[in-house]
Each structure stands twice: as C-alpha cells, then as structure tokens.
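Taking it in order: structure first as structure tokens, then the write-up.
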Number of protein chains: 4
Amino acid sequence: MRQFSRSAAGLPQLGIGLIGTGFMGRAHAMAFRNVSAAFALPVQLRLAALADADAARATRCASDWGFDHAHSDWQQLISDPEVDIIAITTPNHLHYPMAMAAVEAGKTVYCEKPLAVSLAQADDMRNAAKKAGVVTRVGYNYQHNPIIGLARQMIESGELGQIVSFQGEFSEDFMADPASPWSWRCEEAHAGGALADLGSHLLALARHLMGDVEAVCADANTVHPQRPATVGSREKRFIAVDDQTHALLRFASGARGTFSSSWLKHGYKNHLAFEISGTRGTIAFDQERLNELRVCRADQGSFQRVLAGPALPGYAAFCPAPGHQLGYNELKTLEVHALIQAVFNQGKDGPDFEEAWQVERLAAAIRMAAREQRWVRITEL
Amino acid sequence: MRQFSRSAAGLPQLGIGLIGTGFMGRAHAMAFRNVSAAFALPVQLRLAALADADAARATRCASDWGFDHAHSDWQQLISDPEVDIIAITTPNHLHYPMAMAAVEAGKTVYCEKPLAVSLAQADDMRNAAKKAGVVTRVGYNYQHNPIIGLARQMIESGELGQIVSFQGEFSEDFMADPASPWSWRCEEAHAGGALADLGSHLLALARHLMGDVEAVCADANTVHPQRPATVGSREKRFIAVDDQTHALLRFASGARGTFSSSWLKHGYKNHLAFEISGTRGTIAFDQERLNELRVCRADQGSFQRVLAGPALPGYAAFCPAPGHQLGYNELKTLEVHALIQAVFNQGKDGPDFEEAWQVERLAAAIRMAAREQRWVRITEL
Amino acid sequence: MRQFSRSAAGLPQLGIGLIGTGFMGRAHAMAFRNVSAAFALPVQLRLAALADADAARATRCASDWGFDHAHSDWQQLISDPEVDIIAITTPNHLHYPMAMAAVEAGKTVYCEKPLAVSLAQADDMRNAAKKAGVVTRVGYNYQHNPIIGLARQMIESGELGQIVSFQGEFSEDFMADPASPWSWRCEEAHAGGALADLGSHLLALARHLMGDVEAVCADANTVHPQRPATVGSREKRFIAVDDQTHALLRFASGARGTFSSSWLKHGYKNHLAFEISGTRGTIAFDQERLNELRVCRADQGSFQRVLAGPALPGYAAFCPAPGHQLGYNELKTLEVHALIQAVFNQGKDGPDFEEAWQVERLAAAIRMAAREQRWVRITEL
Amino acid sequence: MRQFSRSAAGLPQLGIGLIGTGFMGRAHAMAFRNVSAAFALPVQLRLAALADADAARATRCASDWGFDHAHSDWQQLISDPEVDIIAITTPNHLHYPMAMAAVEAGKTVYCEKPLAVSLAQADDMRNAAKKAGVVTRVGYNYQHNPIIGLARQMIESGELGQIVSFQGEFSEDFMADPASPWSWRCEEAHAGGALADLGSHLLALARHLMGDVEAVCADANTVHPQRPATVGSREKRFIAVDDQTHALLRFASGARGTFSSSWLKHGYKNHLAFEISGTRGTIAFDQERLNELRVCRADQGSFQRVLAGPALPGYAAFCPAPGHQLGYNELKTLEVHALIQAVFNQGKDGPDFEEAWQVERLAAAIRMAAREQRWVRITEL
C-alpha cells in the first residue's frame, strides 16, 4: 500500500485528481464530496486537483466543485505529488494514455468505462496495472446499487437454488429517431455502437451476478446506415456500428441466457434490465426503477416488489428508511466508497482493469460471433 | 364450398362433431355454444355429436354440454353425416389419424395445437388438406385476441414504422419444482418439452405478427434430467425434452430477435410475452394481462397501457365497454367464429394446416440449431 | 322450495325467462347457456322464454340465443308456467313492476342492479319477497369473482388481522367529455348519477367484504351542469345528478374508510378498486385487472401480485391453470351458478333483495350526508 | 436583503449554520455541499458552523461534513457572525425557540417540518418572521421534485382543464406492528401521530398543487391504544395520537377530494401518493417512485408513465438523461437551491413560515373536524 501524508487528526490524507469536467466529471466530483459525509472513512479525502484542456474551464470548475488546483495539462495532474488517486472521465480514446501514465506513476486509477477503445489496449492496461501493483477501478457504477447487492447475495447464498437462466436487455431510445445525428458514439474507434456503449454495462452486470460466460452466439445490425452529420444537417455520415445486437449466452455455471442491446427502442430511457431464474426462485430488475427488485421465491408463486432499504449494505449511508430512494449519483458515491476501501484493502472485489478486460473480451466475442455467424468460445480471444 | 342442409329459417345448418372431453374439449363446447349468441352468423350451428373413448363419459358430457349424440368411437363421429366440422381435442399423438380421416371424409377440420407429433406428419397433413380442398384451422387461440389484432394492425399499417426487433418469451412455472412428476409432456413422441408445448404458441404469434423467419440459432437444455414417475413416487423417469430453450431469430423482413421458452421460471403462469420495436414505436404484450397492450409511439416517448375495448374487432361481441375484459374462453369463441367465417370464405386468413406446418418447421429448425450449435436456415428443413 | 318438473334423466327442470335483450340481456343469455357446461348442476336448465317489447327483436334474439319462446309482453312471460326464474334486464324504472309481479307469481327473481329507482320501492320489494318466501338475487356480479372470494376469505379467516381501513373508488371516464350527451343515466328518476350508477357497485362490494356501515359523511357535485341533448346537438339539458361523490365511511366493525365515485376521471374504464388494510396485512384490487389481487402480509413487507387460479372456488369451472383469466361474462356465469344454488338452498348467501335494499339505503345515506353536509347514521333512513 | 461579505472572486459569501446532527442534519449537510457543484450559484457558500448539544459529536460531524466550527450551544451558532443561514434539524419542540431566536437575529431560517408543535407557536413564528422581514423556508422537500414541478405546471397552465378532484394518501407501515414501541412520534406535544407526522407532507403537497382548502370533514382513530415503552418491553404506554386519519377536502377552487394518512398500512414505505383529475386529464404520483408521473390526457384515453428528465427544471443539475433518477437527497439539494434563490429574491415562491402555518392550520382543522364529527371551515381556526 502507498504511504500517505497524515491529516492533523492523524488520518491518512488521500489526494484526488480528476481529469475531465463533463457530466461524468461533475458526477465524480459530487461523489468525492459526498463520500465523507455518507461514510466513516479510514482516510481524509482532499480534492487536490482538476484537469481540463480548457484552462478557464478547469479553473472555474475547480472553484465550483472545491478542488484546490486546476491544470490544463493532464500530465501535470498525474505527476502532481498531492494527487494519489487519478479519476479519468475524458472521451474514451484518451483512457489508454492517461491510465497508462497514471499506472506508471504508481497511482490508483479510477477510469470510466469502457476501459479502452480496443481489446488490445485493454489487455495492455490490465497487464501494466498488474505489474505495477496499483489499485484500479472501472466505472461500472450500476453494480454498486444496494439492490444489486441483494440480487447477488440471493444468488451466492443459494437462495434462488441453481441458476438456470439469464435474460438481459439494455435498451434506450436516444438514437431511435433516424434524424438523431452522428456523434462519436457512432464510431467504432471510440467504442461506439449499442453493444459497446450500452451493452457493456449489461455484460458487466451479467458477469457480476452470474460469473464467467463460456460461449456466445450473436446477431448485430445497423438499421440506419447513415445519419445527419449534425442536428438538421443535410450532410450525411455513414454509420458502421450496430444499432442493436442480440445474443445467446452460455455461462460457465451451465446457465443459459439471452442478451439484447439497442439504442433504437422507443419508450426506454435507461432500460438496463434482467431476469435471473433459478430452481428456487426468480428475480427481476430494471434500472429505470433502480430501488426495486422483483422477487418470486418458489414457495410464494408470484412476484413481490422489494424496495431498497437500510437493511441493504450501502443504503443507510443515504436514507433512513425504505421507500426514500437512492439516485443515480449515489451509485457513483457508492462506487467511490468501494474505491477507497480497495485502496485500504477493505471491502469486496470490484471491477478493476482485469475485470474490465473480461467485460470487453466478452463484448469482442459477441462482435465476432455476429460477424462470423457462429458460436464463439470466449477463450478464442 | 360444401353444401349444407338448411334450417327452418332458411339458414344453412352446420353440424359440429367434437372429439375429446378434457379441459380443451369443454372449452370447445362452450365456444360453439357461445358463438351464436355473440355473433350474427351466416349459419345455424348444431352441436351434432360428441365422441370419447369412454362411452359413459361421452354420454354424460353430451348431455351436459348440449350435444345431440354421443359416440365412443371417433371414426363413427367422423362419418356421421350430420357432422360438418370435426373438432379434435385429444392427446397430441391422435391428431394425425383423426385429422387425416376427417380430411379424407371431406370435412372441415379444427385441430388443437400442435398439429402433429412430428414434422413429417404435419407435412402429410397439410398436403392432404390442400389436395382435398377442405377448410382447416389449428387452435393457436391467442392470436384471436382483439388486442393482438390491434398489434397486428399497428404493424401492418406501418404505424410502428419499419419493424426492427422482436423479443419473445413464453415462461411458466408448472415444472419448476423438481418434484413435478413426469407426464406425457415430458415425451418427445408426444410433442413435449418447453419448446414444443409452450414455445410453439410464441412461434405462431411471432409468425402472425412478424411474418416468416429466415434463420435461427438456439440453445436448449434439460435442467432436471429425471423426475418422479408420479407425484411423490420414488421411481424416477429420465427426461429427454428441454426444460428451456433460447434462440435468436432472423426474420425475412430483416428484423432480428430473441426467443425464450421455459417451464421452469418461478412466478410465471402464462407469460406469453413479446416486445416488438419499430422505427416509429414499440408495443409490448403479456398474456397474463390479455386485455392490455403497452404502446409507445415515437412522439410520446413513454408507454401507454391501452385496454381492449369495443373499437377492436371482436371485443364488442362480448363486452360493451373497455375495461370489462375478455377471458381465455372468449379467445376460443373468437377462434370458432373465425373458423365458421372461413367455412363461408369470410374473414381473414387464420392458422390452417399449412400455417401450423410452418410453425412446426420453425420449431424443428430451433431444435436442430440447438442440437448442432449453429445457425440453421428454415429452408434446410 | 318450488316443485319442478323432471327431465328424462330424472333431474328437475328449471325454466328460465329473460326480460330484455340489450347488452345485459345477452350477457344473461350467455351465462345461462354456459353454466351447464361449466358446472355440474343439480338441475337441467331450459331456456324457456324471452321477452322484449319489440316482438320481432324478441323472436330473433330467442332464435339466436336458444330460447324456446318469445313474448312481446313481459307479463305473459311472468305467467308462463314453463318459466321458473325471471331474469330482469330492462331499464331501471321497470325493475319495480316486473319484480313485484314475479314475486307475486311466486317465482325466483334475478334482477339487475339497481334494484329500484327509489329507496321506498326497494323497501317494498324486499318486503314483498320476504313475505312471499321467494328466492331473489340482484346483479352485483363483481362479487362473484373468485379473487374477490379470496379477498373475503382472507378477511373472514382473520388472515389480515383486525381490519382497520377501506379505501374504495369506482371511476370511469365515459362522461368526462363535457360533450358526452345527456342520457337516462343523467336522471335521478332512473337511478342515474355517478353514485347510483357506479358507486352502488362499490358499496355492494364494501358491504360484501367489510360488513355494515354505521355512518357516513359525503360531498357530491355536478361539474357539468348541462350537456347536449344528443351527440353533437346544440340543445342543452340540465343535469341534476352528481358527476362525482366522495365520502367517509365508518363501519360497524370499527374500520374507517374513504369512498369515491366519478364518471369524469380520464384514464379509467372500469376502475372499481379498493384497498383494505388490517393489522396483519393489506389487500388491493382493481376491476380493470379482475384476475389479480395484490397482497401484502405483515411478514412479507411488500406486495405480491396473486393471480386467480384453480385453487379458488369457481375458477376451475372455466380455466385449468392460473394466468388464463376469467372475463367479465364469466362473472355473470358465476352469478347465475350462485342463483341456481340458492334455488336449491346450496352455496353461500348472495345479494338478495334485502341486501340490495341495504346497498341502496347506504347510497341514500351518502346522498343525504352530501346534501345536508353532516354525518348521517344509516339508521336515520 | 442582508449584506454579505465577498469572496476573493467577488461573489458574496453565505455562511451556513446547521443545528442538529441526526439523519436530517446529515441530509442538510450533504445538500449544502452538493448545491454548489449542481448549480451555478450567485454566491459562494461556506459551511460555517455546526451545533449539537453533544460537543464531541458536534466536533466529529463538523470534521466529517466539512464545517469550519463546532458549537455545543445552539445560541452561539445563531449569534455567530459568520453564519447567515440557520438550518434547524432538531426535535420538533425545539423548532420554536431556535427559529424565534434566529428570526430575532435577523437571519435566514431554514426549518425542518413541522414548523412547530402547536398552531399558536406556528402563528407566532410566521408573524415574527414577517415583522423581521427575514427569508424563511420549511422543509417540505417533496415539492421540490422536478416531476412535481411538472404536475404543478400541467395544472397551472390549464393543460388538465378545470381541476375537479384530488385523491391523496400518505401511508407507511412503520407502526403497523402493535409491538412497534412508543416514541416521541406518539406524543401530541411533539407533533406526533399519522396526521401530523405523515399527513402534513400530503397537505403541503395538496396546497402546493391545488391551492387553498376551504372546508374539511374528517375521521381519526387510534387502533393500538397502547404500545411497549421500548422494543420488547412489557411496560406499556398509552397512545393518544391517531394511527390513521381520513378526510374529505373542499378546495377553494371548487375541486373536491379525499385524504388519508396512516402509519399502519402494511406494504407501504413512503406512499405519499395523489391523483388529480381535471376536465382534460388525470395525473397520478407516488413518492415510492419519485421520478415518475402517470399522465392521461383526454385525447389519449390511458395512462402514460412519464419519467423525469432534463427537460424538467432542476433535473439536469444532477443527471444528463431521463431514466437516471434523482434520489431523496437530491430533493433536499433542490430545496437548498430554492432557499438560496429566495435569499437573492430569485426563483419561485416556496414554503415559508406563512405557508407552513397554512399547512398546520389545515391539519388542525382536520383534527377539529374529526373530534367534533362535523365539517369545519378553515377560517374557524
């Protein structure tokens, strides 16, 4: 473990360095601000530095969000001796150079998903992190939801019996309109497409709950092969990434399942949903109602709507009673809490670079299966 | 068209002959009794004869259900000159000989699903019916639901735009308990297994709404490879049929989709459900709430719960206002109405022997794809 | 008990006489046709006669629905010696003379709700029926729903503990549009208004489940005091009946509750809904999903969606498995079954003229409480 | 407006003083920490001081939550010159002395609900605040929900037509078990009971959306008149407050409605729910799904589930897209944002001491109506 400076109260001090000031940058900032109030930490957090290529923006956000310093050069932030944890929230293609530099500097790295824009990059990153022995985390924030913790606990404890099936779907509608313009999300080189952009969250969740996938078969297609270059533009750009991908999953445990990812599906805003069925019960979840788990135990015969409450680890840090509801940003605060625990060798395993590589390998296998129209074993990649 | 005797009022008379007195036999009987009250028919129906191998039971049911004659020999019923329509509700392996005899006798045949216990039989049956020129119908009753009619109308009219995806699932829990005993449903020779028994309803519905499937990939497994011979018995029987099957579907239209069928899924009783997504909207249905369709049109952004009402063809025959709800048996009455219309060359096409063979070929392709772990084109069968 | 003629099989024969051929007449006809197939009856039913003031219509409906005779004079039907049960489905103001004549003739009377168009009439009718010793039933069909039977059983068995509250609402939207024209439902003399037309179903259900009401307080108002005389007409008619009524209910048991009835509430088609809460659980029901009961037992903490199934008395007469669903018309068949049981002193108590008077007295108390803006004890009426 | 010191950047500085370190104290602390990151404020907030009677706890929480000073005497906090806004989160009976002192000191007061433990106290407080000209706010946080903003906007814009009814209910189950022990919530002197503790939130929401109530009629009762003194104790305490209260509401606008409040209702955790019906549509809300509004417009006929999204004021401060969901604590942050806007004469009116008195007067009228079993006009109090 790294050696940290100490606060007046004798607690180690941990300096946070945040790169990026978009929506996700702000979400990280709020999470780092909240985690101390929500949890009793073994550490005093310090918002040490913020970096954005736009110097004025870096300064303004640093002031608004409470960071001590602003940098316009991310490399300075990484080498800033007051920074212990590097949080990366920049566009996807920058994750690789930034994370590699942070690993080389021996710092803890907290990188937004996807880890990288190619499986080869992801492979380099997990190997570098392993070799350097640094703590890493990747922002698959949905799995920090206390009700997902309940789902996992029901599976691991055997309460659902032997798990036999998984049906998963992540659908949104933000590209449903053919007039929705091209964006970086439409570029494979930026890890775009419904599978990479949305589906990878579902694959991470599937692995978190169900364990390794052994083989996949898949089908992918692009419904709208060209889109306006910008809103309302007559200029068209060709789109190579998938609008939707469907797959069959065979888990190492023997369970079977289906997977769908679409950004064309009218009516859905954040429909990261699954049903997991075991020999003794079924559970169902939809991220659009993130505080609820539908549960049917064998002896009940029908579904109950279980609401998240203080009995679930993590929830009571925010709300005193069930029915009060956590929000999206609190999943991020829980993620940051897990990160800090990891720095101190506490808490459970979370999604590190190794796990993120596993998720991306699984996505790559699905892509290969769709391209070659055959079953692909994960170990082929 | 056949020549019919005439009633006093000058209406042609149509004699119904029903084979089988189980639950489905009774459902047919109620449907034939109700159809005249519900609809203005171009014909007078007569419940002419009922057959059951158990003579006493045949007599009692004929009396309770209002049939004029009882037979213990189904061949007598088929050759009974007062019988114009043969309704077959016997165990699956008897469909073939009975339907073939009825076709040979030149009578209208109304056969419960599945049409046969092998694709070869089904092929024989469709060819015989075609050659004989008789009207045939198969009991895929779910598609006669007025709200399914709405779904189809929304698709065919283009209201949903180009259809891009289908997610379908038929799950029940009646075999979820490993102590649920062996039955004929566990025998492949009786068209048992989750795919044949449940999934074929979903395939019929998928074809009804989405048209031809071009290719499939699938995965099937048996979670409980042995079950008690009877309830509570220590004697075990080996089970060869699938407990669950998952598949990918490629429609001729270009739409893609997933398919799941399970009789192991706790919490579901009749979860014949689908979501169909197009470029201008999404619809979703669950047979457990058979009077509802969830609809999201592109300009609305979220789902509405549309209730069946008298504006939908068929509904007003039973209820005067939305919210009153049709029941399962009324789907059967609607099926019988469609059958009688077919006899008089009225109404829309329904699932005849040709269509039932298509459904069974599709199921066979899914089975082959699962067995051979590869994509199968339907035309391979 | 009346003496009945006997069928060839030795069963007593019961002749049905139906007055009225509107929607409700047809619903009765279908119910009488179905009940023999659905249940093993201690009797052979005969559809003896049908009456409608329009002779041609009477003849046509008698033929379509299977009645032996047609009458254009309802008094002839009542005195027809082949008629044992008189079913009354005419406009409300005719219930009184028809039912009184039927009672006088010593026949079983099955009258649609409301029993009468004034409390005085209803009082006469219950007294006449009591004096004559005839069996009577009133068409509060919703309480024959098997899932309502489950609700009642949970209450009576103590499974919900001491019952402490009732929240009930019957809302529809068929008069929500101010352009919805005047009809007889807008006349107090025909038992019109949201309270009488809709609310009385809810009051019947409240009494069925919760027992006597002791006192009420209420508020009623007419939002649209005039409506077109007919669709699209410029002629306006003044409306005196309530568009909505709200009330507080105090039950003799000590439970308290709220009551709402509206025909103005957009989005509802048949929202006859209640929540009943006890010291050990809560149940909730909505007629728009008539096969479901939401149940929360104290030790579960959240609601389960219980589907009607063959374990509930009545359900298996129609469907073999849960999830198949009964429809509105089958509630009517169950009502007819209960009627026939009552003729033979079998089955449970049902809503007879005495009970219908109780329901109407309760409605009258609510009207008085609204008019006088004070609590009214039921015994004041 | 008060004069504030200025930050280095020239922004006025606003010092926050928080009294109380329970759950609600922490919720305030998190909200004050977040509001600067979520919104562009016209001010720099400073967490100046925290007070708790327990000095060690005050010090620890001040450190964890980022406050500069800790006080064990709340009067010192109020007179601390660096404190501009006094946030009061102590037990209810302390609201009065603290708020009165803060008002006297000329400071902005942000007091948790209920404003006071008697209507007379509340009356004093609103008068004192009015006289002193200070900005006040009371913690009816639920009305700061963006989706409630949508509801209000739909009502005020006339989109729902003339509003005709309100059905409101606030039910929880935390006292449903008779073994749930006595607490201060069971004391009238601490503003306990289902009506005061839960119902007042619903009354505040009803006023926020529907405007003034003119008259009420009500019924209240105590189902469990004694409870254990502490968990598991044999010692019993008598309970005088209501377990549930039901009421009829007549709004000044002419709309009518029902009101229910219960802490005995199994299955509900935070069921602050309403339905508001107008001549052109209906909306429905349940705090257990705080990011959703069910909407039925007249021309749609059925309910849509509208999800909160960035189009609604306030939402985008936290989440970039619909379906991501705000949590309970973010309603608090929105409340703090409204408070700061109020200090700078920006934003809409919010619930100040005057409005809180109106809410409590309404609750008092309901209590009087229940006690005297008659309609009570609000102006009687």
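The values are calculated or read from the model by the stated rules, or taken from the named source; none is laboratory data. Just so we're clear, the structure is a prediction, and the values are computed from it rather than from any experiment. With ideal geometry, Cβ positions are generated from the backbone for all residues, glycine too; neighbour counts draw on all protein chains shown.
Which members of segment B:332-361 meet the condition of being in contact with a strand residue (DSSP E or B) (Cβ under 9 Å, 6 or more places away or on another chain) and in a loop (DSSP other than H, G, I, E, B)?
B:Phe344, B:Gly350, B:Pro351, B:Asp352, listed by residue number.
Filter segment A:296-310 down to the residues that are of a type in the set (A, V, I, L, M, F, W, C), without any contact (Cβ under 8 Å) to a residue 24 or more places away in the chain and at the interface with chain D (Cβ under 10 Å from one of its Cβ atoms) and list them by number.
A:Leu307, the sole residue that qualifies.
Cβ-Cβ below 7 Å, separation at least six or inter-chain, first residue in segment C:21-33 and under 19 Å from C:Leu77 (Cα atoms), second of a type in the set (Val, Ile, Thr) and at pLDDT 95 or above: which pairs?
Cβ pairs passing all conditions: C:Gly22/C:Thr89; C:Met24/C:Thr89; C:Gly25/C:Thr89; C:His28/C:Thr89; C:Phe32/C:Ile16; C:Phe32/C:Val336.
Go through (1) touching a residue at least 24 places away in the same chain (Cβ under 8 Å); (2) under 24 Å from A:Ile16 (Cβ atoms); (3) not acidic (Asp, Glu) for A:Gln358 and report which single condition fails.
Failing condition for A:Gln358: (2).
Report, ordered by the first and then the second residue, all pairs with beta carbons closer than 7 Å, sequence separation of six or more or different chains, a first member in segment C:277-295 that is facing another protein chain (nearest Cβ under 7 Å) and free of Cβ contacts under 8 Å to residues at least 24 places away in the same chain, and a second member that is of a type in the set (A, V, I, L, M, F, W, C) and in a strand (DSSP E or B).
That search, which allows pairs on different chains as well, returns C:Glu288/B:Leu307.
Taking the condition within 17 Å of the chain's Cα centre (by Cα), modelled with pLDDT of 90 or more, facing chain B (nearest Cβ under 10 Å) and buried (at least 17 other Cβ atoms within 10 Å of the Cβ), does C:Ala38 pass? Spell out how you get there, then give the answer.
Values: within 17 Å of the chain's Cα centre (by Cα): no; modelled with pLDDT of 90 or more: yes; facing chain B (nearest Cβ under 10 Å): yes; buried (at least 17 other Cβ atoms within 10 Å of the Cβ): yes.
Answer is no for this residue.
Where residues in segment D:46-68 are among the basic types (Lys, Arg) and over 13 Å from D:Ala29 (Cα atoms), which of them is farthest from the other protein chains (Cβ to nearest Cβ)? Spell out how you get there, then give the answer.
First, pick out the residues of segment D:46-68 that are among the basic types (Lys, Arg): D:46, D:57, D:60.
After this cut, where a residue has to be over 13 Å from D:Ala29 (Cα atoms) as well, the list is D:57, D:60.
Working: D:Arg57: 13, D:Arg60: 9 Å.
Restricting to residues being among the basic types (Lys, Arg) and over 13 Å from D:Ala29 (Cα atoms), the top hit is D:Arg57.
Hey, can you tell me all the residues within segment A:174-217 that are under 14 Å from A:Ala356 (Cα atoms) and acidic (Asp, Glu)?
Matches in segment A:174-217: A:Asp197, A:Asp212.
Does segment D:283-298 contain at least one residue that is more than 30 Å from A:Ala273 (Cβ to Cβ) and buried (at least 19 other Cβ atoms within 10 Å of the Cβ)? So that I can check it myself, show each step before the final result.
Here is the first cut: in segment D:283-298, the ones more than 30 Å from A:Ala273 (Cβ to Cβ) are D:298.
Okay, now just the ones that are also buried (at least 19 other Cβ atoms within 10 Å of the Cβ), so none.
No, the conditions are met nowhere in segment D:283-298.
What about A:Pro178, is it closer than 28 Å to A:Val376 by Cα and surrounded by fewer than 21 Cβ atoms within 10 Å (Cβ to Cβ)?
So A:Pro178 fails the test.
For segment A:370-379, state whether one or more residues are touching a residue at least 24 places away in the same chain (Cβ under 8 Å), part of a helix (DSSP H, G or I) and crowded, with 24+ Cβ neighbours inside 10 Å.
No - not one qualifying residue is present in segment A:370-379.
For B:Val43, only one of the following conditions fails: (1) among the hydrophobic types (A, V, I, L, M, F, W, C); (2) more than 21 Å from B:Asn141 (Cα to Cα); (3) free of Cβ contacts under 8 Å to residues at least 60 places away in the same chain; (4) within 13 Å of chain C (Cβ to nearest Cβ). What is its number?
The single condition B:Val43 does not satisfy is (3).
How about segment B:219-271: which of its residues are in contact with a helix residue (DSSP H, G or I) (Cβ under 8 Å, 6 or more places away or on another chain), closer than 20 Å to A:Cys296 by Cα and not in a loop (DSSP other than H, G, I, E, B)? Steps first, please.
As a first pass, look at segment B:219-271 and keep what is in contact with a helix residue (DSSP H, G or I) (Cβ under 8 Å, 6 or more places away or on another chain): B:219-220, B:227, B:237, B:239-245, B:247, B:249, B:251, B:253, B:255, B:257, B:259, B:261-264, B:268-271.
Imposing the further condition that a residue be closer than 20 Å to A:Cys296 by Cα reduces the set to B:243-244, B:261-264, B:268-271.
Within segment B:219-271, B:Gln244, B:Ser261, B:Ser262, B:His271 meet the criteria.
Would you point out which residue out of A:Ile88, A:Ile78 is among the aliphatic types (A, V, I, L, M) and farther than 22 Å from A:His337 by Cβ?
Working: A:Ile88 fails: farther than 22 Å from A:His337 by Cβ.
Going through A:Ile88, A:Ile78 in turn, just one is among the aliphatic types (A, V, I, L, M) and farther than 22 Å from A:His337 by Cβ: A:Ile78.
Restricting attention to segment C:311-331, which residues are assigned to a loop (DSSP other than H, G, I, E, B), within 17 Å of C:Ala37 (Cβ to Cβ) and at the interface with chain B (Cβ under 10 Å from one of its Cβ atoms)? Let's see the steps before the verdict.
Taking segment C:311-331 and keeping what is assigned to a loop (DSSP other than H, G, I, E, B), we get C:311-314, C:318-327.
Right, trim to within 17 Å of C:Ala37 (Cβ to Cβ) and you get C:314, C:318-320, C:324, C:326-327.
C:Phe318, C:Cys319, C:Pro320, C:His324, C:Leu326, C:Gly327 - these are the residues of segment C:311-331 that are assigned to a loop (DSSP other than H, G, I, E, B), within 17 Å of C:Ala37 (Cβ to Cβ) and at the interface with chain B (Cβ under 10 Å from one of its Cβ atoms).
Given D:Ala363, D:Ala342, D:Ala338, which one is under 16 Å from the mean Cα position of the chain (by Cα), of a type outside the set (Val, Ile, Thr), outside the structural domain of D:Val135 (by TED's automatic domain parsing) and closer than 20 Å to D:Val109 by Cα? Write out each step before concluding.
Numbers: D:Ala363 fails: closer than 20 Å to D:Val109 by Cα; D:Ala342 fails: under 16 Å from the mean Cα position of the chain (by Cα).
Among D:Ala363, D:Ala342, D:Ala338, only D:Ala338 is under 16 Å from the mean Cα position of the chain (by Cα), of a type outside the set (Val, Ile, Thr), outside the structural domain of D:Val135 (by TED's automatic domain parsing) and closer than 20 Å to D:Val109 by Cα.
Yes or no: A:Leu47 crowded, with 23+ Cβ neighbours inside 10 Å and either more than 28 Å from D:Pro42 (Cβ to Cβ) or touching a Leu at 6+ places or on another chain (Cβ under 9 Å) (or both)?
Details: crowded, with 23+ Cβ neighbours inside 10 Å: no; either more than 28 Å from D:Pro42 (Cβ to Cβ) or touching a Leu at 6+ places or on another chain (Cβ under 9 Å) (or both): yes.
It is false that A:Leu47 is crowded, with 23+ Cβ neighbours inside 10 Å and either more than 28 Å from D:Pro42 (Cβ to Cβ) or touching a Leu at 6+ places or on another chain (Cβ under 9 Å) (or both).
From (1) in a helix (DSSP H, G or I); (2) among the hydrophobic types (A, V, I, L, M, F, W, C); (3) at pLDDT 95 or above, pick out the condition that doesn't hold for B:Ala189.
Failed condition: (3).
Which one of these is within 13 Å of A:Trp263 (Cβ to Cβ) and touching a Lys or Arg at 6+ places or on another chain (Cβ under 9 Å): A:Arg227, A:Arg250, A:Arg185? Before you say what the answer is, go through the steps one by one.
Numbers: A:Arg250 fails: within 13 Å of A:Trp263 (Cβ to Cβ); A:Arg185 fails: touching a Lys or Arg at 6+ places or on another chain (Cβ under 9 Å).
Within the list A:Arg227, A:Arg250, A:Arg185, the selection yields A:Arg227.
Have a look at C:Ala101, C:Ala87, C:Ala116 and point out the one that is in a loop (DSSP other than H, G, I, E, B), under 24 Å from the mean Cα position of the chain (by Cα) and of a type in the set (A, V, I, L, M). Steps first, please.
Numbers: C:Ala101 fails: in a loop (DSSP other than H, G, I, E, B); C:Ala87 fails: in a loop (DSSP other than H, G, I, E, B).
Of C:Ala101, C:Ala87, C:Ala116, the one residue that is in a loop (DSSP other than H, G, I, E, B), under 24 Å from the mean Cα position of the chain (by Cα) and of a type in the set (A, V, I, L, M) is C:Ala116.
Residues that are touching a residue at least 24 places away in the same chain (Cβ under 8 Å), out of contact with any Cys (no Cβ under 8 Å at 6 or more places or on another chain) and surrounded by fewer than 23 Cβ atoms within 10 Å (Cβ to Cβ): does segment A:262-270 have at least one?
There is at least one residue in segment A:262-270 that is touching a residue at least 24 places away in the same chain (Cβ under 8 Å), out of contact with any Cys (no Cβ under 8 Å at 6 or more places or on another chain) and surrounded by fewer than 23 Cβ atoms within 10 Å (Cβ to Cβ).
Here's a check for you: in segment A:132-181, which residue that is assigned to a helix (DSSP H, G or I) and without any contact (Cβ under 8 Å) to a residue 60 or more places away in the chain is farthest from B:Leu248 (Cα to Cα)?
In this case the residue turns out to be A:Ala132.
All but one of (1) on the phi > 0 side of the Ramachandran plot; (2) crowded, with 16+ Cβ neighbours inside 10 Å hold for A:Gly211, so report the exception by its number.
(2)
In segment C:9-25, how many residues are assigned to a loop (DSSP other than H, G, I, E, B), hydrophobic (A, V, I, L, M, F, W, C) and in contact with a helix residue (DSSP H, G or I) (Cβ under 8 Å, 6 or more places away or on another chain)?
Pass one, segment C:9-25, residues assigned to a loop (DSSP other than H, G, I, E, B): C:9-11, C:20-22.
Now drop any that are not hydrophobic (A, V, I, L, M, F, W, C), which leaves C:9, C:11.
Imposing the further condition that a residue be in contact with a helix residue (DSSP H, G or I) (Cβ under 8 Å, 6 or more places away or on another chain) reduces the set to C:9.
Going through segment C:9-25 one residue at a time, the tally reaches 1.
Check A:Ala129, A:Ala116, A:Ala105 and return the single one that is more than 22 Å from A:Leu249 (Cβ to Cβ) and surrounded by fewer than 18 Cβ atoms within 10 Å (Cβ to Cβ). Full working, then the answer.
Values: A:Ala129 fails: surrounded by fewer than 18 Cβ atoms within 10 Å (Cβ to Cβ); A:Ala116 fails: surrounded by fewer than 18 Cβ atoms within 10 Å (Cβ to Cβ).
None of the others qualify; the one that does is A:Ala105.
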